[in-house]
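Below: one structure, written as structure tokens.
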Amino acid sequence: MLFQIKSYLQFFWYSKNEHAVHSPFVFTLITKCFYDTKTKSDYTTLKQFRKKLLDNTKSIEIVDFGAGSKVFQSNHRIIAQIAKTAGIKSKRAELLYRISSYFEPKNILELGTSLGLATSALAIGNPKATITTLEGCSQTAAQAQLQFTKFGLKNIQTVVGEFEASFEKLSIEKETFDLIYFDGNHSKKATLAYFEQLLSTITNDTVWIFDDIHWSKEMEEAWNTIKQHSKVTATIDTFQWGLVFFRREQPKEHFIIRT
């Protein structure tokens with residue numbers, strides 16, 4: 001917690017708004033998407049999706065994976081508790097919805113379905129997208145799938161299993177993704193491994209979103225390594241998220257933006 005407080009104070013000191021941004025691409029993204037305050041009717045659906053989970057008192061077994069496909073630990077938790085403490089918050093879900101709507105990605109990959117709160121934002125933001133979401137825990141994935149069915153979200157394919165095994169199962173190296181949302185394993189080693197493995201899937205217009213980039217010293221180190229990669233041309237640090245772009249026409253630049 002102390003590390004996160006220090007990181008946030010540093011973020012707050014260096015962060016800017018749209019007035020300090022000189023890149024037309026990033027300026028438009030911030031003003032037309034990040035800072036879009038118009039009420040969307042779809043926000044009501046996102047709230048209803050969340051409420052269904054917050055009202056669910058069923059207990060399920062949560063399984064976390066360690067190295068390879070070996071089970072690291074398992075425990076029982078109430079669905080409502082998971083949604084409240086581990087799921088994406090409402091404002092972040094709305095921002096993710098706007099990002100999906102703004103970029104209109106045709107092919108989306110999500111690492112870490114959990115109960116589907118972020119997945120639903122991506123799906124509702126762009127109903128024409130094809131979404132592949134990966135989840136290690138079968139019971140969590142099953143609950144998410146029940147929610148997707150209840151809300152008529154038919155553009156989502158859920159793949160259950162350890163991520164690297166799922167990459168192999170899906171022949172991921174033969175795919176291209178317009179948007180990838182990373183929210184599955186908050187360790188430096190795993191984050192950088194997924195980054196390297198998925199580089200073959202990028203296009204010039206691909207956007208990647210890494211969750212919790214200031215969660216720990218290790219995650220900050222991973223984020224800094226990603227920023228310096230030769231294929232990365234622009235990044236946006238919003239404190240909780242790190243957005244990565246690969247646009248060849250974009251001068252290499254890193255932005256720290258308040259949202």
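How many residues does the range 196-218 hold that are under 29 Å from residue 6 (Cα atoms), open to solvent by 40 Å² or more (accessible area, probe 1.4 Å) and in a loop (DSSP other than H, G, I, E, B)?
Here the count works out to 1.
Can you tell me which residues in the range 1-58 are at pLDDT 95 or above, surrounded by 13 or more Cβ atoms within 10 Å (Cβ to Cβ) and acidic (Asp, Glu)?
The answer is 36, 42.
Of a type outside the set (D, E, K, R), under 17 Å from the mean Cα position of the chain (by Cα) and closer than 25 Å to residue 190 by Cβ: does that describe residue 114? If you could, list the steps in order and put the result at the bottom.
Numbers: of a type outside the set (D, E, K, R): yes; under 17 Å from the mean Cα position of the chain (by Cα): yes; closer than 25 Å to residue 190 by Cβ: yes.
Judged against the criteria, residue 114 is a match.
Could you run through the range 158-192 and say how many residues are hydrophobic (A, V, I, L, M, F, W, C), without any contact (Cβ under 8 Å) to a residue 40 or more places away in the chain and under 30 Å from residue 58 (Cα atoms)?
Result for the range 158-192: 2.
Restricted to the range 75-89, and to residues that are over 20 Å from the mean Cα position of the chain (by Cα) and surrounded by fewer than 12 Cβ atoms within 10 Å (Cβ to Cβ), which residue is modelled with the lowest pLDDT?
75
Identify, from the list 118, 129, the residue that is of a type in the set (A, V, I, L, M), open to solvent by less than 30 Å² (accessible area, probe 1.4 Å) and under 13 Å from residue 46 (Cβ atoms). Walk me through how you get there before you give the answer.
Numbers: 129 fails: under 13 Å from residue 46 (Cβ atoms).
None of the others qualify; the one that does is 118.
Evaluate the range 192-202: report whether one residue or more is modelled with pLDDT of 95 or more, closer than 23 Å to residue 121 by Cβ and among the acidic types (Asp, Glu).
No, the range 192-202 has no match at all.
Can you tell me which condition residue 170 does not meet? The list is (1) within 25 Å of residue 31 (Cβ to Cβ); (2) over 17 Å from the mean Cα position of the chain (by Cα); (3) surrounded by 14 or more Cβ atoms within 10 Å (Cβ to Cβ), and all the others hold.
In the conditions (1) within 25 Å of residue 31 (Cβ to Cβ); (2) over 17 Å from the mean Cα position of the chain (by Cα); (3) surrounded by 14 or more Cβ atoms within 10 Å (Cβ to Cβ), residue 170 misses (1) alone.
Determine the pairs where a residue that is of a type in the set (Ser, Thr, Tyr), located within the range 1-27, has a partner that is in a helix (DSSP H, G or I) with Cβ atoms under 7 Å apart, the partner being 6 or more residues away or on another chain.
7/220
Please verify whether the range 219-232 includes one or more residues that are without any contact (Cβ under 8 Å) to a residue 60 or more places away in the chain, open to solvent by less than 10 Å² (accessible area, probe 1.4 Å), closer than 24 Å to residue 12 by Cβ and in a strand (DSSP E or B).
No, that holds for no residue.
Quick check on residue 113: is it touching a residue at least 40 places away in the same chain (Cβ under 8 Å), open to solvent by less than 10 Å² (accessible area, probe 1.4 Å) and in a loop (DSSP other than H, G, I, E, B)?
Details: touching a residue at least 40 places away in the same chain (Cβ under 8 Å): yes; open to solvent by less than 10 Å² (accessible area, probe 1.4 Å): yes; in a loop (DSSP other than H, G, I, E, B): yes.
In short, yes.
Counting only residues that are without any contact (Cβ under 8 Å) to a residue 60 or more places away in the chain, touching a Ser or Thr at 6+ places or on another chain (Cβ under 7 Å) and under 17 Å from residue 83 (Cβ atoms), how many does the range 125-157 have?
6
For the range 106-119, state whether one or more residues are over 21 Å from residue 240 (Cβ atoms) and not acidic (Asp, Glu). Spell out how you get there, then give the answer.
Kept after step one, since they are over 21 Å from residue 240 (Cβ atoms), are these residues of the range 106-119: 106-107.
From what's left, not acidic (Asp, Glu): 106-107.
The answer is yes; a qualifying residue exists.
The values are calculated or read from the model by the stated rules, or taken from the named source; none is laboratory data. Just so we're clear, the structure is a prediction, and the values are computed from it rather than from any experiment. So basically every Cβ, Gly included, is an ideal-geometry build from the backbone, and we count neighbours across all protein chains shown. All accessible areas refer to the heavy atoms of the entire protein, side chains included, with ligands and DNA or RNA removed. Shrake-Rupley method; radii C 1.70, N 1.55, O 1.52, S 1.80 Å.
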